[in-house]
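One structure is given here, and the rest of the page talks about it.
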Amino acid sequence: MGAGITEVFAKAGFEVHAVDNNEAALDRGRSIIAKSTGRAVSRGRMTEEEQAALVGRITYFTDPAEAVAGCGLVVEAVFEDLDLKQEIFKKIDVAAPEDAILATNTSSLAITAIAAAVSKPERVVGVHFFNPAPVQTLVEVVRTVYTDDAIVEQLVKLLKELGKSPVVVNDRAGFIVNALLIPYIGSAINLYENGFATREEIDATMVEAAGYPMGPLALADMIGNDVCLAVLEKLYDETKNRVNAPAPILTRLVIANMQGRKTGKGFYTYVDGKPSEDRGPIRRPMQSRKAELPDRLVGEYLNNCVKMVEENYASVDAVNTGMAEGCRMPKPFEVLKEITPKRVLEIVEGIYAETGEPGHRPARLLRQLAAADDQAAAIDELQASTAELHASNPRG
Ligand SMILES: NC(=O)c1ccc[n+]([C@@H]2O[C@H](COP(=O)([O-])OP(=O)(O)OC[C@H]3O[C@@H](n4cnc5c(N)ncnc54)[C@H](O)[C@@H]3O)[C@@H](O)[C@H]2O)c1
């Protein structure tokens, strides 16, 4: 992620100081940038001169204090470890200029806890880029209870100038995208473990019937099973919602270092980065319920999208943008309109009746939308009113 974020800023004309632990790690970063910009050149999106200029704007360091001196914005993207991030922030707090913005790219840690480690926590903010950062337009800008509004405004302006789509949210486990995407993946893993359908059936069904770009188990392998587990654990800790509890098979894959593509094995086995015939954790169901899959997974996911709006965490627009630009999934509230809130309510009531899990209870707001005479108009109204609410009440 560090290499990708470096490329984003260098491409926009900024002088960028890239820092990592040692020369070997810096070389890894250099080669990621060389490959990514090389691809852009071969696709005609960048000239060779532009590539050379971009690379020339990056200076590499192994000492963070030296790297951040004179910088206006610092973006941290070290391993997902709170102690490490706090230690880094203490260093940059002292070494960076007093008016520098200190940002973290964490996916699952409380940004408030990182901010609490520095002398001026009001200048700490989350900037959650998506992988690959040069290509993905969505950036979640996360403010804490400390964060200065002016810093959020400055960052949003800057990100827009870089061609990104910033979405501002408060500090809560998973922000928008991971809080919606990872529980969907977690549910698919649970269904797989509990013999609902085979691995291939689950993945193929969600691509064919739900129109998602890839199946949830293949997606877990791509994101990294360790990352999925970490996000689910954080969500579970914060919400105490048992639906977010990671399935045993996910924890076992992580223990076995089967993190997915990056380690060559996960739900599938990968040879040269592509899924192969393998001895993965193949579980065959007693009786496949694959026909129920799209309703089951999409219904639960849409109910969670509606709950997020109901909880006043995000607007309809922010949820739509987050899932479309962050995951290339159809806009959830457009899908809700198409399926209709009434039908989604029926589906979710069915799931809740079967599982009895409080986390599967239909959202109150879903019931309201389902009861409207004109359900599509009710969604439009919700979209307009939440856009206004979140714009006028930026602290949520
Ligand atoms: N991978 C993703 O899709 C993704 C997406 C969004 C956010 N993130 C977040 O970005 C961060 C990095 O994730 P990643 O996937 O790029 O991890 P990674 O393991 O690929 O990279 C982490 C880098 O940090 C370096 N590092 C570790 N300790 C350091 C130190 N003390 N000083 C300087 N550099 C140090 C490592 O050498 C390594 O190059 C995490 O917080 C993660 O949650 C990841």
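What follows draws every value from the coordinates through simple rules; no lab data is involved. Please read all numbers here as calculations on a predicted model, not as lab measurements. Don't worry about glycine lacking a Cβ; one is built from the backbone with ideal geometry, like all the others, and counts go over all protein chains shown.
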Kirkwood-based shape ratio for the range 175-396, expressed as Rg/Rh from alpha carbons: 0.98
Euclidean distance of C-alpha centroids, the range 1-49 and the range 120-168, integer Å: 20 Å
Per residue Cα convex hull volume in Å³ - calculated over the range 2-170: 101 Å³
Longest DSSP-loop-exposure-free segment, GluC sites (Glu not before Pro), the chain, at most 11 other Cβ within 10 Å: 99-276
Footprinting exposure proxy for Met206, Met1 (fewest neighbouring C-beta atoms within 10 Å first): Met1, Met206
Ratio of the Cα radius of gyration of the chain to 2.2 N^0.38 Å, where N counts its residues: 1.01
C-alpha center-to-center spacing [the range 60-93, the range 233-304] in angstrom: 33 Å
Of Lys91/Lys234; Lys164/Lys342; Lys85/Lys274; Lys85/Lys164; Lys11/Lys262; Lys35/Lys160, pairs whose Cα-Cα distance is over 29 Å: Lys164/Lys342; Lys85/Lys274
